[in-house]
Each structure stands twice: as C-alpha cells, then as structure tokens.
Amino acid sequence: FFATLPEARMRGFTAGRFSFNTPGGRCETCSGAGRIKLEMDFLPTTWVHCEACDEMRYNSGTLDIRYNGKNIGDILRMNIREAAEFFSAVPKLHRTLSLLADTGLGYLQLGQPSPTLSGGEAQRIKLVAELTKGRKSVSKAPHQHNNLYLIEEPSIGLHQQDVNKLVNVLHYLVEEGHTVIVIEHH
C-alpha cells in the first residue's frame, strides 16, 4: 500500500522498501526488529530498544512516506481495531482488518511478531485469509470448490463477546458452502 502512494512512487520506492524483512528500507542497526537481541552467557537472552530507529523498524527515508499523517512505523504500532478504522477509506485493507477484528483479534498489534501469537490467534488469522480470498457465494458460483475447515480450540483466551463474533464468522463460511468442524475441550 505504501509503495503506491505518490511520494513513494516519486522516490522510486517499491513494495520491498516497506518490508522490515529485507534491506533497503528497514533499519539496518536492528535488521528491522525494532529491538536488538543481547545474548548473555549466564542469563536469558534479552532484547533492548533500538536507538537508531526508536523501535520504528525502518530507516528515516522510509519513515518519511506518510498516509494521513502516519508512516509505516506508526501503522505497525496500531492494533487491528484502530487500523480498521484508520483505513476505512481503503476497502481492501478495511475489509481484512474488520474481519480480523470480527474474529476477536482486534487487540493484536499489526506489527506483532508471529512467534508471539497463540495457536488460536494463528488459526483465526488463517481463517480470515480464507475469507478474504474474494470467492463468491455458492449460489453465485456453482462450480466453487468447497473446503473442510478443522479448527481446534480457536476461542482459547477469548471473551464471550469475541467468541460470539468468531461463531458468526464460522457461520459465514458454512453459508458459503464449506464444512466447518470446531473442536473445543470445555
């Protein structure tokens, strides 16, 4: 998205410039992590604040590109609920972010490292990825391939209101003609 902004195009920035996983736009001091890993001999590994980017993960040239007053570092610090509202004028982003919030993930930070996600959070993100593939409903696409979704404990740690939101999303999949099996242990 940021690569399509006029100022980014004027500077010749490509999408890779806005990935903190590749050189070019990321902060090279912390390799785009926003923090620096310190290995200790007799103590657990610890992470310290990156002074070069102030935990923004990108170099200053990349952070100069702004959308509605926010740069990519600011956006990655937003939670999903805030980002859905912020991108309300960008239909594709708004739909995906709203679906994530509807599955009870609105509290997650956009830039949150994937190893910190619980199993249930990761499953719900995959579920939203399926919903955003843009398939039409069964009635409009008779030759659609229907899927079997086997989901184990997707509601762990969710408040009852968020569980209700998740169930509504699962019903949406069923209405599209898919089979959904949810395993819960309580």
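The values are calculated or read from the model by the stated rules, or taken from the named source; none is laboratory data. None of the values given here were measured: they were computed from a predicted structure. Heads up, the Cβs are rebuilt from the backbone with ideal geometry, glycines too, and the neighbour counts pull from every protein chain shown. For the accessible areas, the whole protein counts, side chains as well, though only heavy atoms, and no ligand, DNA or RNA atoms are used. Shrake-Rupley method; radii C 1.70, N 1.55, O 1.52, S 1.80 Å.
What is the one condition in (1) under 18 Å from Phe1 (Cβ atoms); (2) part of a helix (DSSP H, G or I) that Gln123 does not satisfy?
Gln123 satisfies every listed condition except (1).
Among the listed residues Ile183, Ile151, identify the single one that is touching a helix residue (DSSP H, G or I) at 6+ places or on another chain (Cβ under 9 Å), closer than 25 Å to Gly106 by Cβ and at pLDDT 85 or above. Steps first, answer last, please.
Values: Ile183 fails: touching a helix residue (DSSP H, G or I) at 6+ places or on another chain (Cβ under 9 Å).
Among Ile183, Ile151, only Ile151 is touching a helix residue (DSSP H, G or I) at 6+ places or on another chain (Cβ under 9 Å), closer than 25 Å to Gly106 by Cβ and at pLDDT 85 or above.
Please find, within the range 73-97, the residue that is modelled with the lowest pLDDT out of those that are open to solvent by 20 Å² or more (accessible area, probe 1.4 Å) and in contact with a helix residue (DSSP H, G or I) (Cβ under 7 Å, 6 or more places away or on another chain). Steps first, answer last, please.
Keep residues of the range 73-97 that are open to solvent by 20 Å² or more (accessible area, probe 1.4 Å), which gives 74, 76-77, 79, 81-82, 85-86, 88-96.
Applying the additional criterion that residues be in contact with a helix residue (DSSP H, G or I) (Cβ under 7 Å, 6 or more places away or on another chain) yields 81, 88, 94, 96.
On the way: Arg81: 96, Ser88: 96, His94: 95, Thr96: 92.
Among those residues, the one meeting the criterion is Thr96.
Is it fair to say Tyr58 is under 24 Å from Pro23 (Cβ atoms), open to solvent by 20 Å² or more (accessible area, probe 1.4 Å), aromatic (Phe, Trp, Tyr) and at pLDDT 95 or above?
Working: under 24 Å from Pro23 (Cβ atoms): yes; open to solvent by 20 Å² or more (accessible area, probe 1.4 Å): no; aromatic (Phe, Trp, Tyr): yes; at pLDDT 95 or above: yes.
No; evaluated as a whole, the condition is false for this residue.
Are there any pairs, at least 6 apart or on different chains, whose C-beta atoms fall under 6 Å, with the first in the range 102-117 and over 23 Å from Gln161 (Cα atoms) and the second surrounded by 15 or more Cβ atoms within 10 Å (Cβ to Cβ) and of a type outside the set (Phe, Trp, Tyr), and if so, which?
As it stands, the answer is Gly111/Leu76, since those pairs meet every condition given.
Can you name the condition, by its number, that Glu82 falls short on among (1) among the acidic types (Asp, Glu); (2) touching a residue at least 24 places away in the same chain (Cβ under 8 Å); (3) under 30 Å from Val163 (Cβ atoms)?
Against the list (1) among the acidic types (Asp, Glu); (2) touching a residue at least 24 places away in the same chain (Cβ under 8 Å); (3) under 30 Å from Val163 (Cβ atoms), Glu82 comes up short only on (2).
Do you know which of the residues in the range 1-19 that are in a loop (DSSP other than H, G, I, E, B) and without any contact (Cβ under 8 Å) to a residue 40 or more places away in the chain is farthest from Gln109 (Cα to Cα)?
Kept after step one, since they are in a loop (DSSP other than H, G, I, E, B), are these residues of the range 1-19: 1, 5, 11-14, 19.
Restricting the remaining residues to those that are without any contact (Cβ under 8 Å) to a residue 40 or more places away in the chain gives 12, 14, 19.
Working: Gly12: 29, Thr14: 24, Ser19: 16 Å.
In this case the residue turns out to be Gly12.
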